[in-house]
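What follows draws every value from the coordinates through simple rules; no lab data is involved. As the structure is a computational prediction, the values presented were derived from the model and not from experiment. Here the Cβ is made from the backbone with ideal geometry for all residues, glycine too, and neighbour counts use every protein chain on show.
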Amino acid sequence: MGSSTFTIRNRTLQIHIGDAPSTQKLFEPISYKEAMEFREKFFFPGFTSVFIGATGTATVKYKSNKTNPNVRVMGTDENYLYTSGDEIGMGRVFTADEVNQGSSVCIVGSEVVKDIFKNKEDPLGEVISIGPGKYRVVGVLKEKGSSMGFSGDRSCYIPLTNVRAQFSRPNMSFSINVMTKNQQQLDACIGEATGLFRTIRQDPAGAENTFEITKSDNVAKMLIENIKYVTLAATIIGLITLVGAAIGLMNIMLVSVTERTREIGIRKAIGATKRVIRNQFLVEAIVIGQFGGLLGIFLGIMIGNVISLLIGSAFIVPWEWIITGVILCFGVALASGIFPAQKAANLDPIESLRYE
């Protein structure tokens, strides 16, 4: 939705992750009259739109083709697309007259178009069935893809007043999107919107708001807050893996020292010093560690970018993590190689030459 957008609704945001308990505050529904009064009286620079969810289980039909009953239908005004982060890929948005008159027109998502129009290139002007009513297609949303199991491409937008007639239900609660011209104005805009809507809702002075204002980045903040536990767990697993790798590399180097005892004795007999022997085994340990690190970095980049390609993201080379990986592998190899290298350097040359 962008960092300069916020939403006014009658309930607090709720994201449930894992078994953590979650609570949600519910307030009195925001009526159509209250929402429209806010839109008419709110003059802060930007866009204001009113919308409502009609259903999330609609079936959309065109001739003999139909979708599964999982299409989300939203009632929106002419400004909704400017504030929601959606874009028109084909056609146009609603006009003010269409919204005021409750015209039977719709804007459909790209996945819905693929399901019901098959190979038809231009669905504009065609009449489709959405739930109990028939609507003429005036626009197609640009494809956005899915996130967290939800696809915005399986959506249909119809005029707000049409939803009140075709999908009416008791205690319908409308929501309001507000988008400022830039992020610097966001806090001032929220303050002005809060004051105006408290007046409209007749909230007493000193009492808490009977509505919730949610900034568009709140979801990201909540997810990041919950992801920190995943990050902590991954870090602990990574540290355990590093300790295991360090022990494994140390054992490899100790076996190497034992197998090459006679070679060490010969090198010492012809003049090699303790420092030369120690450095030789340290370099070997570091080379083994760096080969493993480079293989891990290569696999990490390949797997990461295959996933990136599948979800439509850009190709990424994480230079900071690559450098961190190289340094980490160097540290682990150095720590693992010191004891075997010191053991090799301290071997007695005479005893080593006798070793079988």
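Given contacts defined as C-alpha pairs under 8 Å and at least six residues apart, what's the relative contact order of the chain, whole-number percent?
Working: 552 pairs, mean separation 73.6, N = 356.
Here the relative contact order equals 21 percent.
Here is the link list: K33/K142; K41/K142; K118/K142. Which ones come out longer than 20 Å on Cα distance?
Working: K33/K142 32 Å; K41/K142 32 Å; K118/K142 17 Å.
Distance filter (> 20 Å) returns K33/K142; K41/K142.
Shape verdict for segment 75-146, please, from the Cα gyration tensor: rounded (a/c under 1.5), prolate (a/b greater than b/c) or oblate. Mind dumping the intermediate values first?
Working: a/c = 1.84, a/b = 1.17, b/c = 1.57.
Cα axes put segment 75-146 in the oblate bin.
Output the 0 to 90 degree angle, nearest 10, between the alpha-carbon long axis of helix 319-345 and the longest principal axis computed from the alpha carbons of the chain.
Orientation of helix 319-345: about 20 degrees from the principal axis.
Going through the cross-link list K114/K215; K114/K134; K181/K215; K66/K120; K181/K221, which pairs have a Cα-Cα distance over 26 Å in this structure?
Details: K114/K215 33 Å; K114/K134 19 Å; K181/K215 15 Å; K66/K120 14 Å; K181/K221 22 Å.
Pairs exceeding the cut-off: K114/K215.
Provide the FRET efficiency to the nearest 0.05 for the E126-T324 pair, computing r from the beta carbons and using R0 = 51 Å. Let's see the in-between values first.
On the way: r = 54 Å, r/R0 = 1.07.
The calculated FRET efficiency here is 0.40.
Give me the distance in nm between label points sitting 7 Å out from Cα along the Cα-to-Cβ direction at T12 and V255, one decimal.
5.8
How far, in degrees from 0 to 90, does helix 32-41 lean away from the longest principal axis of the Cα atoms of the chain, to the nearest 10?
That helix lies at roughly 80 degrees to the long axis.
Pairing the Cα long axis of helix 274-310 with the longest principal axis of the chain, what angle in degrees results, from 0 to 90 and rounded to the nearest 10?
On a 0 to 90 degree scale, this one is about 20.
Of the listed peptides 154-165, 109-120, 35-46, 231-242, what is their order by residue-averaged count of other C-beta atoms within 10 Å, with the highest listed first?
Result, highest mean first: 154-165, 109-120, 35-46, 231-242.
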